[in-house]
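So the structure is just underneath, and the comments pick up after that.
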Amino acid sequence: MKDKLLNLIVCPICKNSLNLKSFHEENGEVEDGLLFCGCGQFFPVVNYIPRILTGDLRPMLYNQFPDFFLKYKDTLPKEKINQLITTEAQKKEETSRSFAYEWEKFSGMLKEWKDNFNFYFEPIINKDLFLKNKTVLEVGCGKGRHTFYISEVAKEVVAIDFGKSVDVAFINNKDKNNIYFMQADIYNLPFKENYFDFVFSIGVLHHLPTPEQGFRKLVGLVKNGGGMLIYVYHSFSKKTFNYYLLGFVNFFRNFTTRISHDFLYVLCYPIAFLSYLLLILPYKIFFYKIVKKGWPLGLYSNYPFQVILNDTFDRFSAPIENRYSKEQIIKWYQNASLKNINILGGGGWRIFGEK
Ligand SMILES: C[S@@+](CC[C@H](N)C(=O)[O-])C[C@H]1O[C@@H](n2cnc3c(N)ncnc32)[C@H](O)[C@@H]1O
Ligand SMILES: [Zn+2]
């Protein structure tokens, strides 16, 4: 953890400053340490990353880093962990494990991610000008592919994810010195209100138990005049081909979200191969000339097979998936009093607005 991060974060519970105690440092960064607050809250820094998990996600910390807690057991404050698991906590824990598995398996930083980044950021007119020298928060950073590109324009980027994917993101961006990674949950973030110039979250909110509530939490962190960009899955009009295809996929998901990740990974090879053969290849060779929009999986015609496999796993593994119409997403922005809203389609909704 870089010392400077202390100036950007606060205790997620009482919103006062946090203190840092270093146990071990390497190259000027805290590798193992402890963040603590006057109110009694404390958070470990493990493998350079602060782990700011509270409440129902607290047991996850002890399960993920048993060696750390054993090694520093005489130094760390004692706490009683409530093992009472709610259904919501269980879903969140499963979500974090499924994405950690995904991003560890598909950890590579492909050259295609640059175009992918530009695609998601298209709703921001004059993106480079808007982001230049800004303090940015990325929520649900996964393996850090977008973190990499935004850090080239922004002044500093704080990137959070509530799963161990954040460790993959950290490695993928290890040479960047204006990025701060943290393991934290959207619902309990360690920041002051109205703090960031720009907050973005790509492909995350639709995996939450209560997506609009998560969205509202993020809007609260944007300062007046700042911007907010999200990408969420879209719903399909009834009786279209994509609507029935989704029904089929959802039926299958009842099974795939319950099996082991290793088994699902293997199963994804034939599914991805069939998707490629039946939908993507015909589009790539022939139909792209005729059908400009809406071809199922047409967007994948520019990506290598590895990406199709990755997204197949993503679609079939995430325990929670919500989908929204254009009107519903615009309403989120309007209800949060965001202005200058710009929404674009393309495999989902990409939407930007200003506070
Ligand atoms: C589909 S991935 C997208 C990753 C990245 N934004 C990208 O586009 O490559 C969704 C990410 O959101 C994270 N996530 C889901 N729920 C979260 C929560 N409550 N708090 C923080 N991160 C969350 C997952 O761990 C996962 O890495
Ligand atoms: Zn506190």
*asked:* Of everything in the range 23-58, what is in contact with a strand residue (DSSP E or B) (Cβ under 7 Å, 6 or more places away or on another chain) and without any contact (Cβ under 8 Å) to a residue 12 or more places away in the chain? Give them in sequence order.
replied: HIS24, GLU25
*Somewhere in the range 187-203, is a residue more than 16 Å from ligand 2 (Cβ to nearest atom), outside the structural domain of ASN250 (by TED's automatic domain parsing), out of contact with any strand residue (DSSP E or B) (no Cβ under 7 Å at 6 or more places or on another chain) and on the phi < 0 side of the Ramachandran plot?*
yes
*Look at ASP32 and say whether it is within 16 Å of ligand 1 (Cβ to nearest atom), crowded, with 18+ Cβ neighbours inside 10 Å and of a type in the set (D, E, K, R).*
no
*Which condition number does ARG145 fail, the rest of (1) closer than 15 Å to HIS207 by Cβ; (2) free of Cβ contacts under 8 Å to residues at least 40 places away in the same chain; (3) among the basic types (Lys, Arg) being met?*
(1)
*Please enumerate the residues belonging to the range 126-155 that are among the acidic types (Asp, Glu) and either under 30 Å from THR256 (Cα atoms) or in a helix (DSSP H, G or I) (or both).*
ASP128, GLU138
*How many of the residues in the range 110-125 are in a loop (DSSP other than H, G, I, E, B) and surrounded by 14 or more Cβ atoms within 10 Å (Cβ to Cβ)?*
6
_Residue among LYS217, LYS143 that alone is basic (Lys, Arg) and more than 8 Å from ligand 1 (Cβ to nearest atom)_ = LYS217
*Name the one entry in LYS192, LYS223, LYS239 that is out of contact with any helix residue (DSSP H, G or I) (no Cβ under 6 Å at 6 or more places or on another chain) and modelled with pLDDT under 95.*
LYS239
*Conditions: (1) under 18 Å from SER107 (Cα atoms); (2) touching a strand residue (DSSP E or B) at 6+ places or on another chain (Cβ under 9 Å); (3) more than 15 Å from ligand 1 (Cβ to nearest atom). GLY163 meets all but one. Number of the miss?*
(3)
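The values are calculated or read from the model by the stated rules, or taken from the named source; none is laboratory data. All of these numbers come straight from a predicted model, not from anything done at the bench. A quick note on method: Cβ atoms are made from the backbone with ideal geometry, for glycine too, and the neighbour counts reach across all protein chains shown.
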